[in-house]
1. Select from V282, V16, V266 the residue whose mean-square fluctuation is largest in a Gaussian network model of the chain (Cα-Cα springs shorter than 10 Å).
2. Put one equal scatterer on each alpha carbon of region 5-297, apply the Debye formula with no solvent term, and list log10 I(q)/I(0) at q = 0.06, 0.09, 0.10 1/Å to two decimals.
3. If I model a spin label at S48 and R94 as a point 7 Å from the Cα along the Cα→Cβ vector, what separation in nanometres do I get?
4. How large is the helix-only mean residue ellipticity at 222 nm for the chain, computed as the sum of -39500 (n - 2.57) over DSSP H runs with n ≥ 4, divided by its residue count, in deg cm²/dmol to the nearest 500?
5. Explain nothing, just the number: relative contact order of the chain, from Cα pairs under 8 Å at least 6 residues apart, as a whole percent.
6. Taking only Cα atoms and a 10 Å spring cutoff, compute GNM fluctuations for the chain and point out the largest among A179, A76, A295.
7. Given the options R166, R36, R45, state which has the largest fluctuation in a GNM of the chain using a 10 Å cut-off (strictly under) for Cα springs.
8. How long is the gain from T196 to A270 if the chain were fully straight, where each residue apart is worth 0.36 nm and the alpha carbon distance is subtracted?
Amino acid sequence: MSPNVRQVTFAYEGGVFDPAVSHGGGLIAFASTQHRQTSDVYVKRADSRVITRLTNDEANDAMPAISPDGTQIAFASDRSGSWDIYVMPVSGGRPMRVTTDPAHDIHPSWSPDGTRVVFSRRGQVSGRWELWVTDVRSGATSDFIGYGLFPEWCPVAGTGVNGADRIAFQLGKERGDYAFSIWTIDYRDGNASRPTEIISNPQGALINPCWSPDGQRIVCASVPNDGSWELLARRRPADSELWMVDVAGGSLIKLTDGTAVDLMPVWADARTVYFASDRGGVENLWSLDVSDAVALAEGRPSADFAGADDNGN
């Protein structure tokens, strides 16, 4: 097995998916069906096999996100009938419901100051996935900021124009094959501006964007654009690869290759990316050392980097 890939979780039935990592990479949160048919949210230390189940509800709890200060976890749950956003202490406790709209609300991502989350809502009028921002302390006011899925708030504040924050997301075209590509918007004071397409792929759909800790790069997954999978039904593509792109429009580097389904990449630190993969037969979390890929992107000397195939080779 290649030294730059290692297995992080070890479920032997069900699956482990939706990884999230604390600042510095010490704590990993994830969703899993390894103990029952519906998913719960778990946490584990990055250097341990011991897992702790944070939610224990008969409904589905998924898509966790750890707050910047490491004290709270936001997640999506359908325990109230439709999917909503909840927040709970990372140490466990009673979840607080943040959104109460009858539409589906999924995939929260924290603002750098930890006061707000951006999430996707299935618009009942538009019929499209929408992007919304809400204050986690009250949830009373939410701002509609555009259309898209899997939003990720840049962990570095003020990287947009005039001190705005940047949010990455996937957005489908409104013509042709409707394939997803990766976009960013600037967000400040309830307003979104400067929608910018970072990367597209005529051979596939690009999904699951995630920022590097310094806000300079994005990792994402590329899946065949055959329309055979849907988010809430958790249908899976036949295969999927991970890519890294410079948000300034520079280098594009393939990180994994093969016949495995590699999805949901998240940065743990400047050199490590976690992702969900079935490369071991059962979907689990794996880590990938991207030091050489980052060095290649920066034009620094590095070992050859050809990515990792479905066997970790």
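1. In this elastic network of the chain, the residue with the biggest mean-square fluctuation among V282, V16, V266 is V282.
2. -0.16, -0.38, -0.47
3. Each label point lies 7 Å from its Cα, and together they span 2.7 nm.
4. -500 deg cm²/dmol
5. On the way: 860 pairs, mean separation 43.6, N = 313.
Computed over the chain, the figure is 14 percent.
6. A295
7. R36
8. On the way: separation 74, 0.36 × 74 = 26.64 nm, distance 2.42 nm.
The span from T196 to A270 would gain 24.2 nm if fully extended.
Computed from the coordinates by the stated procedures, all read-outs in this text should not be read as laboratory data. Remember, predicted model here, so these are calculated numbers, not experimental data. Every residue, glycine among them, receives a Cβ derived from its backbone with ideal geometry; neighbour counts consider all protein chains shown.
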